[in-house]
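As structure tokens, the structure follows; a few thoughts come after it.
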Amino acid sequence: MKIRTAVLLAFATMAPLASGRAQISNPLKFTLFGGAALPVGDTQDFYNTGYTVGGALDFRVPLSPVGIRGELTYSGFDAKGALGGSTKDLGVNANLVYWLQNPTPAKPYIAGGPSWSRYTFSDVSGSDNAWGFNLGGGLQFALGDLGTRLDVRYRRISKEGDAFSVIPITFGITF
């Protein structure tokens, strides 16, 4: 019994070395990101390009291509022309992430999941909560010793037949 346990432990320890992937990293990563938020569909008729900033927490079991990511975002959009006013969006994304197998240092991934948003409007008093989804991908890479990522998404929030659709394009620094 003890020999079998020792052999299994030895194989488990050596398996990453045999596959050429001896690096085992921290399963938790935190990212701060920011960039442009491009309105699309009917949303672009009412809003100019906005901004988005946020933070993400990734959990990925070492050597696994699948992980989960939670994101908190804050975006702002100015209304077009005579409409005046602006809209702020405080959002949460809960995503499944799949990192594509790639022999290069850059790691492409796809991500998607449900989204929740709380919108506030400057031209009317009040706010609105709504659910939707997001789907996209990105590329994780190193800039020297700094971990970074570039991410592009489609995010659609719907309520009572109306939809607010944007494509956030962000650059993030990972810790």
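The values are calculated or read from the model by the stated rules, or taken from the named source; none is laboratory data. Just so you know, these numbers come straight off a predicted model, no measurement behind them. Here Cβ is always computed from backbone atoms with ideal geometry, including for glycine, and neighbour counts include all displayed protein chains. Ligands, DNA and RNA are stripped out before the accessible areas are found, and what is left, the full protein with its side chains, is counted by its heavy atoms. Shrake-Rupley method; radii C 1.70, N 1.55, O 1.52, S 1.80 Å.
Of these, 78, 58, 123, 89, which one is part of a strand (DSSP E or B) and open to solvent by 20 Å² or more (accessible area, probe 1.4 Å)?
78
Can you say whether residue 109 is of a type in the set (Ser, Thr, Tyr), modelled with pLDDT of 95 or more and open to solvent by 50 Å² or more (accessible area, probe 1.4 Å), as far as the supplied structure shows?
no
Inside the range 80-123, can you point out the residues that are without any contact (Cβ under 8 Å) to a residue 12 or more places away in the chain and either at negative phi or within 13 Å of the chain's Cα centre (by Cα) (or both)?
Within the range 80-123, 82, 102, 103, 104 qualify.
Please go through (1) at pLDDT below 95; (2) within 30 Å of residue 85 (Cβ to Cβ) for residue 144 and return the number of the only condition it doesn't satisfy.
(2)
Condition first: over 19 Å from residue 108 (Cβ atoms) and either touching a residue at least 12 places away in the same chain (Cβ under 8 Å) or part of a strand (DSSP E or B) (or both). Now tell me which residues in the range 140-172 satisfy that.
Hits for the range 140-172 are 155, 156, 157, 158, 159, 162, 163, 164, 165, 166.
Considering only residues that are closer than 17 Å to residue 168 by Cβ and either of a type outside the set (A, V, I, L, M, F, W, C) or at pLDDT below 90 (or both), which ones fall in the range 87-104?
Listed by number, the residues that qualify are 87, 88, 89, 91, 93, 95.
Since residue 97 meets every condition but one in (1) in contact with a Gly (Cβ under 7 Å, 6 or more places away or on another chain); (2) surrounded by fewer than 16 Cβ atoms within 10 Å (Cβ to Cβ); (3) hydrophobic (A, V, I, L, M, F, W, C), which condition does it not meet?
For residue 97, the failing item is (2).
From 43, 13, 5, grab the single residue that is in contact with a Ser or Thr (Cβ under 8 Å, 6 or more places away or on another chain), over 19 Å from residue 100 (Cα atoms), at pLDDT below 95 and part of a helix (DSSP H, G or I).
Being in contact with a Ser or Thr (Cβ under 8 Å, 6 or more places away or on another chain), over 19 Å from residue 100 (Cα atoms), at pLDDT below 95 and part of a helix (DSSP H, G or I) holds for just one of 43, 13, 5, which is 43.
Please work out which residue is modelled with the lowest pLDDT, limiting yourself to the range 147-166 and to residues that are in contact with a strand residue (DSSP E or B) (Cβ under 6 Å, 6 or more places away or on another chain) and open to solvent by 50 Å² or more (accessible area, probe 1.4 Å).
Only one residue tops the list, namely 159.
Residues being under 15 Å from residue 151 (Cα atoms) and assigned to a loop (DSSP other than H, G, I, E, B): count how many of those fall in the range 93-120.
Adding up the residues that qualify gives 2.
Please work out which one of (1) crowded, with 16+ Cβ neighbours inside 10 Å; (2) over 15 Å from the mean Cα position of the chain (by Cα) is the condition residue 129 fails and give its number.
All conditions pass for residue 129, except number (1).
Here are some residues: 134, 102. Which one is in contact with a Pro (Cβ under 9 Å, 6 or more places away or on another chain) and either among the aliphatic types (A, V, I, L, M) or open to solvent by less than 20 Å² (accessible area, probe 1.4 Å) (or both)?
Being in contact with a Pro (Cβ under 9 Å, 6 or more places away or on another chain) and either among the aliphatic types (A, V, I, L, M) or open to solvent by less than 20 Å² (accessible area, probe 1.4 Å) (or both) holds for just one of 134, 102, which is 134.
In the range 41-61, how many are over 20 Å from residue 171 (Cα atoms) and in contact (Cβ under 8 Å) with a residue 40 or more places away in the chain?
Of the residues in the range 41-61, 4 are over 20 Å from residue 171 (Cα atoms) and in contact (Cβ under 8 Å) with a residue 40 or more places away in the chain.
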